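Step one of this worksheet: look at the structure below.
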Amino acid sequence: MPSPQKIIVIGAGIIGASIAWHLQRKGASVTTIAQKIGGEATPNSFAWINASWGNPEFYFHFRHRSMAEWSRLAADLPGLPLSWCGGLCWDMPEAALDAYAAQHHGWGYGIQPVNRATSVMIEPNLATPPDYALHIAEEGAVEPVAAAELLLQDAGRHGAGLLHGVEVTSLLTENGRIAGVETNEGPMHADHVVLAAGAGTAAIAASAGIHVPLETPPGLIVHSRPTPKLLNGLVMAPELHMRQTMEGRIIAGGDFGGTAPGDNPQKAAGELFAKVKAALKGGDALELDFHTIGYRPTPKDGLPILGGVDTRPGLYLAVLHSGVTLAPLVGLLAAEEILDGKEVTELSPFRLSRFA
């Protein structure tokens, strides 16, 4: 029986954790290397699972499939902190909401227009319920760091390795092939390297002469102290997106990705949290606990970069902004491509080569 393929995964955010878990499930010998379990972008994510927001149809279907893969993952991982809580959206003019609803309904999204009375039934603690909104019952949220930790722990119980507090400084190249990584604790060799380091991807890839066109816009998210239940699901109001975590915190951004914090993040956080308090009945009792500023790893055309690199065999890239929505599907398909050696057609629009 051949020895299992030895694979290093760089990054322990939700994408790296999912890929490592799926690789281990397919029989690979996996070691995940990261400075921080949970990564950098994942802890600062709004963590909305959706197929919304002005995407081309092929990308909508890719995201929609990954929503279903979250349910598959939850069946395999009891205790996964996942909630299909639904989303209430009215952050566009009515005509734009109608056009959005018609398009996505035609694509198979479970989207329903609702009036003020229904909005009150869905979210009774809104201070000013919308007269017209869209409700998407199939959307959800996950607690992303806890999910990444659970994936890594389960992979570890089945033999996968985890090195945290370790920095990958460069990729190792032998005869034009990526053969491992150099770390602050020395070199490590592997049959394949998966680069899923979020905002750190571009610098590590550059060590092997690979250009990854990546932007890292900042996003401000405020977090309340835990509070009794005020929100049932996701709320997408104009200039204010909110949800309540399983811990009871209200988290919010100017949009789901967070907005730029400006020159005074503390002031911006205070102003944003004031909007949260005003938006909710009983909001006066909310207390701001902390704010985060996440740097979202976003390829320049907005679509994921997934797959091998033609000029550097042995390397697999996985960098994308919609990491929470896409994590289970990316993990599943990346593991298939790496271990089965066959290209998955569904990933063809997402290759790095499109930027050549």
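For Pro226, the conditions (1) more than 30 Å from Ile122 (Cα to Cα); (2) modelled with pLDDT of 95 or more; (3) open to solvent by 40 Å² or more (accessible area, probe 1.4 Å) all hold with the exception of (1).
Being within 26 Å of the chain's Cα centre (by Cα), farther than 30 Å from Arg351 by Cβ and of a type in the set (A, V, I, L, M) holds for only one residue in Ala133, Ala155, Ala206, and it is Ala133. The set of residues from segment 150-175 being open to solvent by 50 Å² or more (accessible area, probe 1.4 Å), over 20 Å from Pro81 (Cβ atoms) and touching a Gly at 6+ places or on another chain (Cβ under 9 Å) comprises Thr173, Glu174.
When residues in segment 124-134 are screened for being touching a residue at least 40 places away in the same chain (Cβ under 8 Å) and open to solvent by less than 40 Å² (accessible area, probe 1.4 Å), 4 of them pass. If the condition is being polar (S, T, N, Q), open to solvent by less than 10 Å² (accessible area, probe 1.4 Å) and either part of a helix (DSSP H, G or I) or at positive phi (or both), then segment 16-56 contributes only Ser18.
Return yes when Leu317 is outside any helix (DSSP H, G or I), within 17 Å of the chain's Cα centre (by Cα) and within 20 Å of Gly209 (Cα to Cα) and no when it is not.
So Leu317 fits the description; yes.
When we screen Ala127, Ala117, Ala74 for residues that are over 23 Å from Gly283 (Cα atoms) and at pLDDT 95 or above, the only hit is Ala74. Once segment 103-123 is narrowed to residues that are without any contact (Cβ under 8 Å) to a residue 40 or more places away in the chain and open to solvent by less than 70 Å² (accessible area, probe 1.4 Å), the residue that is farthest from Arg65 (Cα to Cα) is Ala117.
Table: residues versus (1) over 23 Å from Cys89 (Cα atoms); (2) open to solvent by less than 10 Å² (accessible area, probe 1.4 Å).
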{"site": "Ile204", "(1), (2)": "yes, no"}
{"site": "Ala208", "(1), (2)": "yes, yes"}
{"site": "Leu234", "(1), (2)": "no, yes"}
{"site": "Met246", "(1), (2)": "no, no"}
{"site": "Gly254", "(1), (2)": "no, no"}
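If the condition is being out of contact with any helix residue (DSSP H, G or I) (no Cβ under 8 Å at 6 or more places or on another chain), under 20 Å from Ala327 (Cα atoms) and open to solvent by 10 Å² or more (accessible area, probe 1.4 Å), then segment 179-202 contributes Ala199, Gly200, Ala202.
Of all the residues in segment 1-15, those that are over 15 Å from His321 (Cβ atoms) and open to solvent by less than 10 Å² (accessible area, probe 1.4 Å) number 5. Count, please, the residues in segment 303-343 that happen to be exposed (fewer than 15 other Cβ atoms within 10 Å of the Cβ) and in contact with an Asp or Glu (Cβ under 8 Å, 6 or more places away or on another chain). Of the residues in that region, 2 qualify. Of the residues making up segment 52-71, none is more than 22 Å from Gly254 (Cα to Cα), of a type in the set (A, V, I, L, M) and over 17 Å from the mean Cα position of the chain (by Cα).
The values are calculated or read from the model by the stated rules, or taken from the named source; none is laboratory data. All values derive from a computational prediction rather than experimental measurement. Cβ: placed from backbone, ideal geometry, glycine included. Neighbour counts: every protein chain shown. The area values use the complete protein model at the heavy-atom level, side chains included, leaving out ligands, DNA and RNA. Shrake-Rupley method; radii C 1.70, N 1.55, O 1.52, S 1.80 Å.
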